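Visitor: One structure follows; several queries about it will come next.
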């Protein structure tokens, strides 16, 4: 059975109206980039033939209006490793 280590990331930006995106620091776009980059962490840090692991994004929350760029986005998920060696290697690098 895999060990599950939960994680949470809070991204703080600057809210703005959707018609003025240049006035914002858009945490949603940052969350997209983080989500994409998380998928490469396991493949670049571990030899998956010897130390299988997976990172999952389980939820992303940000904003409540369709025309407002929010000031905060929260992401959370899990890192699953199948043995203590994988877990140690993952967190050391």
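The values are calculated or read from the model by the stated rules, or taken from the named source; none is laboratory data. Bear in mind the structure is a predicted one, so any value in this text is a computation, not a measurement. In this analysis, Cβ positions are derived from the backbone assuming ideal geometry, glycine residues included, and neighbour counts consider all displayed protein chains.
Visitor: Please specify each residue of the stretch 1-16 satisfying the condition of being in a strand (DSSP E or B) and over 19 Å from residue 59 (Cβ atoms).
Guide: 3, 14, 16
Visitor: Now a separate question. Quick one: count up the residues across the stretch 57-79 that are more than 19 Å from residue 23 (Cβ to Cβ) and touching a helix residue (DSSP H, G or I) at 6+ places or on another chain (Cβ under 9 Å).
Guide: Residues flagged as more than 19 Å from residue 23 (Cβ to Cβ) and touching a helix residue (DSSP H, G or I) at 6+ places or on another chain (Cβ under 9 Å) within the stretch 57-79 amount to 6.
Visitor: So, one more: Looking only at residues in the stretch 17-30 that are within 23 Å of the chain's Cα centre (by Cα) and not in a helix (DSSP H, G or I), which one is surrounded by the fewest Cβ atoms within 10 Å (Cβ to Cβ)?
Guide: The extreme case among them is 25.
Visitor: Further question: Only residues that are buried (at least 17 other Cβ atoms within 10 Å of the Cβ), outside any strand (DSSP E or B) and at pLDDT 75 or above: list them for the stretch 46-89, please.
Guide: 46, 51, 70, 71
Visitor: In addition: Kindly evaluate residue 4 against the criterion of being modelled with pLDDT under 95, surrounded by 15 or more Cβ atoms within 10 Å (Cβ to Cβ), touching a strand residue (DSSP E or B) at 6+ places or on another chain (Cβ under 7 Å) and under 25 Å from residue 83 (Cα atoms).
Guide: For residue 4, the condition - modelled with pLDDT under 95, surrounded by 15 or more Cβ atoms within 10 Å (Cβ to Cβ), touching a strand residue (DSSP E or B) at 6+ places or on another chain (Cβ under 7 Å) and under 25 Å from residue 83 (Cα atoms) - is not met.
Visitor: Check whether at least one residue in the stretch 16-26 is touching a residue at least 60 places away in the same chain (Cβ under 8 Å), within 13 Å of residue 72 (Cβ to Cβ) and in contact with a strand residue (DSSP E or B) (Cβ under 8 Å, 6 or more places away or on another chain), and report yes or no.
Guide: No, the stretch 16-26 has no match at all.
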